[in-house]
Amino acid sequence: MLRLYPQPVATVPLKGLYLDAPLVPNEPAERLFVYGNFVMSLDGRIAIAQPPNAHQTVPSTTANPRDWRLFQELAGHADVLISSGRYLRDLAAGQAQDSLPIGSAGAFADIRRWRRRNGLAAQPDVVFLSEDLDFPLPKALLQEGRTISIFTANTPPREQIAELAAQGVSVERFVGNGRIDGKDIVARLTALGYRRAYCVAGPQVLHTLASAGCLDTLFLTTVHRLLGGSDFSTIMQGALLDAPLDYRLRWLYYDAASPAGAGQMFARYDCR
Ligand SMILES: NC(=O)c1ccc[n+]([C@@H]2O[C@H](COP(=O)([O-])OP(=O)(O)OC[C@H]3O[C@@H](n4cnc5c(N)ncnc54)[C@H](OP(=O)(O)O)[C@@H]3O)[C@@H](O)[C@H]2O)c1
């Protein structure tokens, strides 16, 4: 791989690229650091509808093992993941892209060791944002040794809260009706003692966090392929922002090898 920025240009290995580099600029900051990551095509697609039921998933034409390795390395730094109710529905339907990181494959053993060396739990905890809470929690997820919470701005029935509590899952209720404000999410995660939150959800959650001024860093993989399609899904979905949010390029790497020789860029953008 080539590091294009910062200069000088240099050849660097993929493994360890995101794990060994400092995640948080100017540590220590006594607040939560929030970061997200997407892989997209040149035409900005992060998900496409797949037959037979037009279910939206990350296209196999952009997903690739080298990007997946970096996705896992980013999770290596996290003490909590932010995911969505949609992920749990996909998981139950057997349509989720994969289990939540850190993956159990031997290829990620070094990330698990890195976490131990750095005093982190074996697996990051997970917070699922949901308006509807219409999902089951798979047993396997409950047995991974993570603390699991659900954040909602709705009022779930008492029985549902009790049932979740019996499974060891807490439901945190927020003011509002439906969607939770990004600032409230960050305030609550901070109060719970978390320092590094990795958003592994999609465009609505990214909008929730970024529009509230809470997205510190965005990692973006751009696969050099055009996909087309009319079911457009890009990294952020929600109301137009009153003013653009500016991010500055911090890192840029060119990976000529993958996928299938098309090439891809790995970029990191930090909020100004
Ligand atoms: N290419 C990539 O790198 C990448 C990365 C992530 C996701 N994706 C794809 O993007 C698509 C959408 O993913 P996603 O559904 O996880 O992402 P999402 O659009 O961010 O999340 C959707 C769900 O999250 C909950 N939610 C979002 N914002 C909320 C808020 N402020 N308050 C309360 N609940 C909130 C709602 O759950 P309920 O419906 O339960 O109320 C909502 O339906 C999927 O096809 C996924 O595969 C692609």
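The values are calculated or read from the model by the stated rules, or taken from the named source; none is laboratory data. No experiment lies behind these values; they were computed from the predicted model shown. All Cβ positions, even for glycine, are placed from backbone atoms using ideal geometry, and neighbour counts span all protein chains on display. The accessibility values were calculated without ligands, DNA or RNA, using every heavy atom of the protein model including side chains. Shrake-Rupley method; radii C 1.70, N 1.55, O 1.52, S 1.80 Å.
Numbers for the structure displayed
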read-out	value
Qualifying position, being buried (at least 16 other Cβ atoms within 10 Å of the Cβ) and near the ligand (Cβ under 10 Å from one of its atoms), among R66, R86, R115	R86
Residue in the range 92-112 that is farthest from W68 (Cα to Cα), counting only those that are touching a Pro at 6+ places or on another chain (Cβ under 9 Å) and open to solvent by 50 Å² or more (accessible area, probe 1.4 Å)	A92
Whichever residue in the range 31-45 is of a type outside the set (A, V, I, L, M, F, W, C) and under 26 Å from L189 (Cα atoms) and, among such residues, is farthest from the ligand (Cβ to nearest atom)	R31
Qualifying residues in the range 217-260 (those that are in a loop (DSSP other than H, G, I, E, B) and β-branched (V, I, T)) - the one surrounded by the most Cβ atoms within 10 Å (Cβ to Cβ)	I235
Selection from the range 46-63 of residues that are of a type in the set (S, T, Y), near the ligand (Cβ under 8 Å from one of its atoms) and within 20 Å of L91 (Cα to Cα)	T57
Qualifying residue in the range 214-224 (condition: within 12 Å of the ligand (Cβ to nearest atom) and either free of Cβ contacts under 8 Å to residues at least 40 places away in the same chain or over 30 Å from L2 (Cβ atoms) (or both))	yes
For L141: the one exception among (1) part of a helix (DSSP H, G or I); (2) farther than 16 Å from R86 by Cα	(2)
Of the criteria (1) in a helix (DSSP H, G or I); (2) in contact (Cβ under 8 Å) with a residue 24 or more places away in the chain; (3) within 15 Å of the ligand (Cβ to nearest atom), which one A187 fails	(2)
Which numbered condition L141 misses (of (1) within 13 Å of the ligand (Cβ to nearest atom); (2) modelled with pLDDT under 95; (3) open to solvent by less than 30 Å² (accessible area, probe 1.4 Å))	(1)
